1. Does region 17-35 contain at least one residue that is at pLDDT 95 or above, open to solvent by 10 Å² or more (accessible area, probe 1.4 Å), in a loop (DSSP other than H, G, I, E, B) and closer than 30 Å to Ile417 by Cα?
2. Which condition number in (1) more than 21 Å from the chain's Cα centre (by Cα); (2) without any contact (Cβ under 8 Å) to a residue 24 or more places away in the chain is the one that Phe348 fails?
3. For Gly98, all conditions in the list (1) within 30 Å of Leu194 (Cβ to Cβ); (2) surrounded by fewer than 18 Cβ atoms within 10 Å (Cβ to Cβ); (3) touching a residue at least 40 places away in the same chain (Cβ under 8 Å) hold save one; what is the number of the exception?
4. For region 356-367, indicate whether the set of residues that are open to solvent by 50 Å² or more (accessible area, probe 1.4 Å) and part of a helix (DSSP H, G or I) is non-empty.
5. Could you list all residues from region 145-185 that are open to solvent by less than 10 Å² (accessible area, probe 1.4 Å) and in a helix (DSSP H, G or I)?
6. Please determine whether any residue of region 58-71 is touching a strand residue (DSSP E or B) at 6+ places or on another chain (Cβ under 7 Å), at pLDDT 95 or above, open to solvent by 10 Å² or more (accessible area, probe 1.4 Å) and over 25 Å from Phe393 (Cβ atoms).
7. Look at Lys394 and say whether it is surrounded by fewer than 14 Cβ atoms within 10 Å (Cβ to Cβ) and more than 24 Å from Gly16 (Cα to Cα).
8. Can you find a residue in region 221-228 that is free of Cβ contacts under 8 Å to residues at least 60 places away in the same chain and either out of contact with any strand residue (DSSP E or B) (no Cβ under 8 Å at 6 or more places or on another chain) or open to solvent by less than 10 Å² (accessible area, probe 1.4 Å) (or both)?
Amino acid sequence: MNIPQSNLPRIVIIGGGFAGIAIAKKLRNKNVQVVLLDKHNYHTFQPLLYQVATGGLEAGSIAYPIRKVIQEYKYFYFRLTSVKEIDTQNKKIISEIGELHYDYLVIATGSKTNYFGNKEIERNSMAMKTIPQSLNIRSLILENFEQAVLTKDVADKNSLINFVLVGAGPTGVELAGALAEMKKAILQKDYPDLDVSKMEINLVQSGDRILNTMSEKSSEAAEEFLLSLGVKIWKNVRVTNYDGRTILTNSDLTFETATVIWTAGVQGAAIAGLSAKSLIEKVERIRVNQYNQVVGYDNIFAIGDIASMETAKYPQGHPMMAQPALQQGDLLGENLIKLINNKPLKSFEYNDKGSMATIGRNKAVVDLPKYHFSGVFAWFVWMFVHLFSLIGFKNRAVVFLNWVYNYIRFDREGRLIIRPYKKKSFTTFTSDEI
């Protein structure tokens, strides 16, 4: 990897997400050599991916170059690569561009979409965990409307403008609200020769309420907001299959749709090489102790979504959200320096600052430790928190100006098919073609 040899302890961080960037900032200008690895050269602000997918923001406004984050940090190096395996015996990682020895390893690989083993749903639905995936969704939505204008078959036309979102957590709820606002204020202007009123937005939830990680008050308020926007909510319904055209469920309910966006679950983005006792199989998360040390290893740590720290309050690990990742990264940066200097480590205690979700213009829900509120004020709180959580002044300014423009004009100008996306068709092939 062409990393210079050094007498300083080498800390290798895998992943430039919220957790990886947090620990990198904490190790700034310390007497350690830090190597940060990621398969992208940018950090993604994932909470706003849905706005890229629906044309509210351009991708560049929620991404920030990793090299710019660390460019003034001493003894810091970045390499663009995917890590394939960890060789714990020889204390090295094996990546696409070579091998690298570590003294301390921090795994901050985050999470990926969980399809619960259903390969057909994985093949035919759309995920929204990365910027490329969000751009694919944006292209597919717009391409479907362009195709619907040309299609004479009523069933095909309805399928093209029928959207099904599986999973009613914050991502599914926010995406449903954004699509509903597009239907209400934008698509009918863009496609005057198409009956946009026939467009359906279906939100499918396997549990008995949406936003089930938030308070019941916020869940009920969010459901009222979505229903007022025309979103159809289907609770206690589990999707069992999707062949690219028809959704099957655990009941008699079916959907004919060309677009399924899967937000029903996440699992850790694990890396091969750790012992079986360190992993939780179903969710692919790594077991860690109160110092974020991986169970069974003294010099390997895991933070963020990939880490599962089982406590009395969080028996299945902390929620896979930005706040635990940021707090774990911040504390581990301090603890690694203490460990190197043979000082006692500090246990991690999660400070739950609350959660929130926006459902559209002037509509949001916010849960704070002692207060729950919704509506216009909650919407402004949501905007303020997300705006100042972005990395970089330019990104904050661009996002703020976009939001002001969209609010005044009730428009989204990112409706561009920059990179066309074509789903594989399910045409019947002849034996010669196969």
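1. yes
2. (2)
3. It is condition (1) that Gly98 fails.
4. No, region 356-367 contains no residue that is open to solvent by 50 Å² or more (accessible area, probe 1.4 Å) and part of a helix (DSSP H, G or I).
5. Residues satisfying the conditions are Phe145, Ala148, Ser159, Gly172, Val173, Leu175, Ala176, Gly177, Ala178, Leu179, Ala180, Met182.
6. The answer is no; no qualifying residue exists.
7. The answer is no for Lys394.
8. Yes, the conditions are met somewhere in region 221-228.
The values are calculated or read from the model by the stated rules, or taken from the named source; none is laboratory data. None of the values given here were measured: they were computed from a predicted structure. Ideal geometry is used to build each Cβ from the backbone, glycine not excepted, and the neighbour counts take in all protein chains shown. With ligands, DNA and RNA removed, areas are computed over all heavy atoms of the protein, side chains included. Shrake-Rupley method; radii C 1.70, N 1.55, O 1.52, S 1.80 Å.
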